[in-house]
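Q: I have a structure I would like to understand better, so I am pasting it below and will then ask my questions one at a time.
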Amino acid sequence: MALQALQPQGDATEFEEYAKTRALELRDRIVLAHMPLVKSIAGHYAAGQAQRDDLEQVGCVGLIKAVERYDPTLGVPFEAYARTVVSGEIFHYLRDLAPVLRVPRWYRTLNRRLHESHDRLIVTLGRAPTHEELATDMNIRVEGVKEILRLRDTYNLMSLSERAEGTEGPPRLEAIRSSRHLTFRLPVEDRIVLDKALDRLADFERRVVDLFFYKDLTQTEIARRLGFSQKHISRTLATTLRKLKEDLR
């Protein structure tokens, strides 16, 4: 039987019915209705038409996962949820395809924050947010939002060291600054400086710092996880912190 198309936004009753029946035909109808979202995301990451076709297939797998896991009772728009799942599926594919690629930490942080803010505002507003609304939510200037969006076109996930064709000028990181001071929150411009300093560390040093400061593991737990002595981890931390202190002066 031919599959019938749904409206692009999806019908809440269709998701509720699928949650109850898990009917494959209904799942496929929902997937087909939201393929434009996959094409849009794949187009953002693809370096050319050949790669776009591959990424659309990968994104379709992510879309199927999103439909199967989506809970309509939570009140989150499906497209906001699906965008995160599809983007994650494509990013993991690219990461596995180019394991030597290191995405700059500061770029990864900014891009993630923009995605989170965008999806959060879609839930709150019921529509796509404006640049001004994104800026307010992220505590940066509108100029900063526009610069992050420009960086998406300037950097290519498959080769971040090369400029995308047709783009001009280096990243203007000075445009991305916090609008106001928030207690216990590092200003975004300082976070960029810190992330760039962390990226200059050796892989093992960066791993230890991440586990100690970001994952909140003890030195003993880190030593056990990485297969080194606690004394070696302690020395690594001390040396790494001295490097960071000198680099941040």
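Q: Give region 107-133 a look and list any residue that's farther than 23 Å from Arg191 by Cα and loosely packed, with under 15 Cβ neighbours inside 10 Å, or say none.
A: Val123, Thr124, Leu125, Gly126, Arg127, Ala128, Thr130
Q: Suppose we keep only residues that are modelled with pLDDT of 90 or more and either among the aliphatic types (A, V, I, L, M) or under 18 Å from Ala80 (Cα atoms) (or both) within region 16-26. Which one would you say is surrounded by the most Cβ atoms within 10 Å (Cβ to Cβ)?
A: Restricting to residues being modelled with pLDDT of 90 or more and either among the aliphatic types (A, V, I, L, M) or under 18 Å from Ala80 (Cα atoms) (or both), the top hit is Leu26.
Q: Which one is surrounded by the most Cβ atoms within 10 Å (Cβ to Cβ) among residues in region 45-63 that are touching a helix residue (DSSP H, G or I) at 6+ places or on another chain (Cβ under 7 Å) and more than 26 Å from Arg22 (Cβ to Cβ)?
A: Filtering region 45-63 for residues that are touching a helix residue (DSSP H, G or I) at 6+ places or on another chain (Cβ under 7 Å) and more than 26 Å from Arg22 (Cβ to Cβ), the one surrounded by the most Cβ atoms within 10 Å (Cβ to Cβ) comes out as Leu55.
Q: Picking from Ala66, Ala82, Ala135, Ala42, which residue would you name as being among the small types (Gly, Ala, Ser) and farther than 30 Å from Thr21 by Cβ?
A: Ala135
Q: If Arg163 satisfies all but one of (1) out of contact with any strand residue (DSSP E or B) (no Cβ under 8 Å at 6 or more places or on another chain); (2) surrounded by 15 or more Cβ atoms within 10 Å (Cβ to Cβ); (3) at pLDDT 85 or above, what's the number of the condition it fails?
A: (3)
Q: Could I ask something else about it? Please state which of the following conditions Ile192 fails to meet, knowing it meets all the rest: (1) under 29 Å from Ser117 (Cα atoms); (2) surrounded by 17 or more Cβ atoms within 10 Å (Cβ to Cβ); (3) at pLDDT 75 or above; (4) not assigned by TED's automatic domain parsing to the domain that holds Arg105.
A: The one condition Ile192 does not meet is (3).
The values are calculated or read from the model by the stated rules, or taken from the named source; none is laboratory data. This one's a predicted model, so the numbers in the text were calculated from it and none came from an experiment. All Cβ positions, even for glycine, are placed from backbone atoms using ideal geometry, and neighbour counts span all protein chains on display.
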